Amino acid sequence: MATNGYESGLKMIEELTTNAEQIQDEVLREILSRNAGTECLRGFLSQTDKQLFKKNVPIVTYEDLRPYIDKIVNGETSDILLAEPITGFFLSSGTSGGQPKLMPVTAQVAKKWELFRCLSESPVIKHFHDINQASKRMELMFARPEIETPSGLKAASVSTSKYNGSKFRTLLPKLYTSPIETIFCPNPNHGLYCQLLFGLIQRDEVVKVGSLFASTVLRGIKFLENHWQELCYDIKTGRLSDWITDSGFRNSASLIMKPNPEQADLIENICNCKSWERIIRKLWPEARYICCICTGIIRQYTTELEFYCRGLPLVSAVYACSEAICGINLEPLCKRSDVSYTFLPNMAYFEFLPVKNEPDGSIEMKSNDEDTELVDLVNVKAGQCYELVVTTCAGLYRYKVGDVLMVSGFYNNAPQFQFVERKNVILSVDQEKTSETDLFKAVTEAKALLDPLGFILTEYTSYVDTSSAPGHYVLFWELKEKEDKHCKELDPKIMVECCFRMEESLHYTYKIYRKRNIIAALEIRVVKQGSFEALMEYCVSKGTSLSQYKKPSCIKSEEALKILDSRVIGKYFSPKSPL
Ligand code: AMP
């Protein structure tokens, strides 16, 4: 979007938010009139009436949708689910029963994403006026491999689909510092090295630094901390390091690189300083802001990131998912804790399942959805938490996304939401989402290896260790000898194999992230017998009723962590990557 184009974007946002109710009704009417005859909806709807829709169409999860998606994936025509032809699938970072979720994509979906990207940039451009002929964005971008389904339709993540789009590819050389080859590089370290190198070479033109998520920006800085000398050497000599063998990279590099000892010295001086506080500002002196999502699970990285970014605002611009496009942040300069996303009523039909905010800050989901009335977009109440339910032009009808949001206010007639939490996710280092069921399945696979050794797993729990980057999953295991003789030794080789088996049994997104070193190796910490008893005693001492005590699947409190950590008798990692 050109700098002056943002005004038409802002105007459209005004119109959309002012007429939110009417637009929502139109969106629903259009979806129903097109799709009421599909196999999926036929049994529930004879007409396209909103009240009948609300009364008859059940609230569903991916599990309910899976039979339809599976059939389409295997070659059946997509009109069983939706009238518009499917052009492919989005591959969500979430899983269902351990399998990646596939969301249908259509021409209309692609158009909506294009519009959304323009609209979401409008408030940002208004504040920063960052796009002009000479300015560039240094965005760290990584495509995930596409999957070809038996039907021949491809499945790719939302961001990979964007990087594959012709519009993006045309704009890339003009607007971004990274060449396309570095985004599609199968080796993420090679890609990251080159994206940083190209970003540093063009450092005086860079007005925006970012990535989709804050975790990736942080990973980029950490990588830079380990590689700046080599990067400076490449800039000084005008030659790309030999270990980068990809011919596409080398070609792109040869077009832009020439020996530049002055620039290399400048960067070297900056990186050589004692503290890396404000390093982004120093390395990219024209940068006006850092753009990356900082809310939700990614919050865990933002304190550290702020240290490196100091002096530049962190802008969390969008809230969207593979299932539906939702909202944009109209106040890019607001405090991190105040980030709210204003929902755009033309993107999907939104409904909200009320959830109770407990006094201790936790969220209680209503157990019986059928008994709970869903609230329309314009009728949500400020301060109340809801689970998001979407109906889209891509075959999702009253679909629970799994995100819990809190209404923070209204812009015109459209509500603004803060992201509260992801439902049912217990472990997440980056964008992967591992549920209790995912973990249970992986533990079950791994613990089978202990059987021949005469050990059984009596207790386990988990947590995400982000004390070093990249973060990793930690499993605490309490083991017992089958015959209580206390004479057997644990075989470290088998324990390492258990780590590998667990990683192998986790879901696709975990394995991709692991392979790309976005997640470090999973660790099993074996604790002494009685450790989980001590954990329970601690929880009871803190007020948990003994009869209601449930061992946590994931440790959240520092104290609880200390109890287990102080009883560790062995730590194991697998050196192999699971893919
Ligand atoms: P995916 O389907 O893989 O694109 O992941 C979408 C999920 O990422 C959403 O359902 C949210 O749980 C999370 N997400 C996306 N945008 C945000 C945001 N701005 N803040 C917090 N979480 C987000």
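The values are calculated or read from the model by the stated rules, or taken from the named source; none is laboratory data. From a predicted model like this one, the values you see are computed outputs, not experimental measurements. Methodologically, a virtual Cβ is constructed for each residue, glycine included, from the backbone with ideal geometry; neighbour enumeration extends over all protein chains shown.
The one condition from (1) buried (at least 20 other Cβ atoms within 10 Å of the Cβ); (2) part of a helix (DSSP H, G or I); (3) at pLDDT 90 or above that Asp438 does not meet is (3). Restricting Ser46, Ser92, Ser33 to residues that are at pLDDT below 95, loosely packed, with under 15 Cβ neighbours inside 10 Å and not in a loop (DSSP other than H, G, I, E, B) narrows the list to Ser33.
Does Lys480 satisfy being more than 24 Å from the chain's Cα centre (by Cα), part of a helix (DSSP H, G or I) and more than 16 Å from the ligand (Cβ to nearest atom)?
Details: more than 24 Å from the chain's Cα centre (by Cα): yes; part of a helix (DSSP H, G or I): no; more than 16 Å from the ligand (Cβ to nearest atom): yes.
Answer is no for this residue.
Return yes or no: is Lys11 on the phi < 0 side of the Ramachandran plot and without any contact (Cβ under 8 Å) to a residue 24 or more places away in the chain? Lay out the reasoning, then the answer.
Values: on the phi < 0 side of the Ramachandran plot: yes; without any contact (Cβ under 8 Å) to a residue 24 or more places away in the chain: yes.
Taking the combined requirement at face value, the residue satisfies it.
Looking only at residues of the stretch 541-568 that are surrounded by 13 or more Cβ atoms within 10 Å (Cβ to Cβ) and more than 32 Å from the chain's Cα centre (by Cα), we find that the one that is modelled with the highest pLDDT is Arg567. Looking across the stretch 487-515 at every residue that is at pLDDT 90 or above and among the aromatic types (Phe, Trp, Tyr), the one that is surrounded by the most Cβ atoms within 10 Å (Cβ to Cβ) is identified as Tyr510. Cβ-Cβ contacts under 6 Å between residues 6 or more apart (or on different chains), taken from a first residue in the stretch 376-390 that is under 12 Å from Asn413 (Cα atoms) to a second residue that is part of a helix (DSSP H, G or I) and not basic (Lys, Arg), are listed as Leu377/Gln24; Val378/Ala20; Val378/Glu21.
Screening Leu171, Leu212, Leu192, Leu175 for residues that are crowded, with 19+ Cβ neighbours inside 10 Å and away from the ligand (no atom under 16 Å from the Cβ) leaves exactly one candidate, Leu192. Regarding the stretch 288-303, can at least one residue be identified that is assigned to a loop (DSSP other than H, G, I, E, B) and either among the hydrophobic types (A, V, I, L, M, F, W, C) or within 16 Å of the ligand (Cβ to nearest atom) (or both)? Yes.
Just one of (1) in a helix (DSSP H, G or I); (2) modelled with pLDDT of 95 or more fails for Glu306. It is (2). Checked against (1) under 28 Å from the mean Cα position of the chain (by Cα); (2) not in a loop (DSSP other than H, G, I, E, B), Asp25 meets all criteria but (1). Considering (1) away from the ligand (no atom under 16 Å from the Cβ); (2) at pLDDT 95 or above; (3) assigned to a loop (DSSP other than H, G, I, E, B), the lone condition that Lys274 does not fulfil carries the number (2).
May I ask you to verify whether Asp70 is part of a helix (DSSP H, G or I) and either loosely packed, with under 15 Cβ neighbours inside 10 Å or within 16 Å of the ligand (Cβ to nearest atom) (or both)?
On the way: part of a helix (DSSP H, G or I): yes; either loosely packed, with under 15 Cβ neighbours inside 10 Å or within 16 Å of the ligand (Cβ to nearest atom) (or both): yes.
Yes, satisfied.
For the residues Leu218, Leu197, the requirement of being in the same structural domain as Phe142 (by the TED database), in contact with an Asp or Glu (Cβ under 9 Å, 6 or more places away or on another chain), at pLDDT below 95 and part of a helix (DSSP H, G or I) singles out Leu218. Whenever a residue of the stretch 150-169 is farther than 26 Å from Lys71 by Cα, its partners that are within 16 Å of the ligand (Cβ to nearest atom) and not in a helix (DSSP H, G or I), lying with C-beta atoms within less than 6 angstrom and at least six residues away or across chains, give the pairs Tyr163/Ala143.
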